[in-house]
Amino acid sequence: MRIYFQIAYRNILANKRRTALSISIIVVGMALTVFMWAIQDGAWEIALRHITDMFPGQVQIERAGFSDDYDVRKVISDTSEIFSRIRSDPDVIGFSPRLLATGMVRSPTGSSGALLVGIRPENESGVSKFSEYLKEGEFIGPGDKRGALIGDRMADDLGLRLGSKFVIMAMDSTGNISGEALRVKGIFHLGSAELDRGLVVLSSETLKRMLLVNGYHIIAIRVKSLSSADDVARRLNPGGGVVARSWREFLPVIEQTVQMKRGSVSIVLLLFMFLALSSIAATMLMSVQQRVREFGIMQAVGMKPLGVFGMVIAEGVILGAIGIVIGLIIGFIAVWITSMTGIDVSGFSEIYESYDMGNIGKLYPQMGAVFWSHFHEPILGFLAVSVLSSLYPAYIAARMVPSRAMRY
């Protein structure tokens, strides 16, 4: 077997230009695939962190079924034991209990639907980064019963500004419509059109009084890493009608989008594999046609057709292996450089905001979990292409009749 690879290596070097062309396609495909996966890993890590850190957290605890209908009566009344378990979990950074209700906002110039969120200001900084997204005003503080935060798009739609009064309305736990008069204390821009237009944040004590409830609807939890969210949810799951869910469950659309975008890299990989298949097959076929006499001599001195077949296959494998190694080196260097400098994508800020990804100024490619879980695919793919593209040329070479081939 070793002699076959030695002869195959010598034959590859016989026509350097054609060999370089075949290898270059594998190099470009391999390097581009590595780089694109690293970009997607970095982009979605930033996006998911932005979305979950922005407000919902990475883990949520709620009464079973609350997220399905937002029934204000589905509250977690006894929170002391749950709070104790959360505080003792080593992967938890912070948590914040909240009240949620769908309702309406009315101003002197108009009205719109809204999601009303009651928070404990003293806990919120440990979970969300709301205060970092304030464009105007200030964050509500403990004991602030009338202050509220609204998005900049809601402010524009309803003609509100700092200090403006407005009224919120929602159905309370008795089935009656209840309302509260609030004042705009801060205006935020989260980079999500939906949230910036439909979110009102106020004190949980005010919303409790308005909804006539005693407890919280959701406990939002921030964890150290996105990958640990599932494990934390399993550990904290209280049972008894109360459930803990990771971001994959309460943000299923985001997870589906991530999977769909990752599939686009596989399409690019398949395209380059097809090009590599055509290129290597053409290279090997031309090489076989030019070496008819050589194959005839080999068989005449005792090499069996199976040996000729294996030698041609070895040439294809060597081409693929060289291209893969060089492609990996170039891809890793590109990822390493851009992971430190970042890639400026500020010109696409509106596109990112339309996907609720926030205002991303720079992308930093990274070799995360997704990258390494797919790392074997291009390697095995291009090796398979190298073997497949050599099969037909190897078959032709093995079928040559020595007497005719030596007179070629």
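Gain on full extension, evaluated as 0.36 nm per residue between residue 376 and residue 212 minus their Cα-Cα distance, stands at 53.4 nm.
In terms of distances greater than 21 angstrom between alpha carbons, the cross-link table entries 74/208; 129/165; 145/224 yield 129/165; 145/224.
Which of the three applies to the stretch 153-231, rounded, prolate or oblate, going by the alpha-carbon gyration tensor with a ≥ b ≥ c and a/c under 1.5 meaning rounded? Oblate, since a/c reaches 1.5 and b/c is not below a/b.
Note on residue 268 and residue 171: their simple-model spin labels are 4.8 nm apart, each label 7 Å out from Cα toward Cβ. Compared with the direct C-alpha span, the chain from residue 102 to residue 293 gains 60.5 nm at full extension, assuming 0.36 nm per residue. Once you order the gyration tensor axes a ≥ b ≥ c over the Cα atoms, which shape class does the stretch 44-203 get: rounded for a/c under 1.5, otherwise prolate or oblate by comparing a/b with b/c? Oblate is the answer for the stretch 44-203, as a/c is 1.5 or above yet b/c matches or exceeds a/b.
Looking at the stretch 105-140, none of the chymotrypsin sites (Phe, Trp or Tyr not before Pro) sits in a DSSP loop with at most 12 other Cβ atoms within 10 Å of its own Cβ.
Straight-distance candidates among the aspartates and glutamates for linking to residue 16, with alpha-carbon spacing under 19 Å and chain neighbours fewer than 8 residues away dropped: 294, 315. The figure for residue 374 is an accessible area of roughly 50 square angstrom, using a 1.4 Å probe on the protein chains alone.
The values are calculated or read from the model by the stated rules, or taken from the named source; none is laboratory data. It should be emphasised that the depicted structure is a prediction, and the values quoted were computed from it without experimental measurement. Cβ sites come from the backbone with ideal geometry, for glycine too, and all protein chains shown count toward neighbours. Quick note on the areas: whole protein, heavy atoms, side chains included, nothing else; ligands and nucleic acids left out. Shrake-Rupley method; radii C 1.70, N 1.55, O 1.52, S 1.80 Å.
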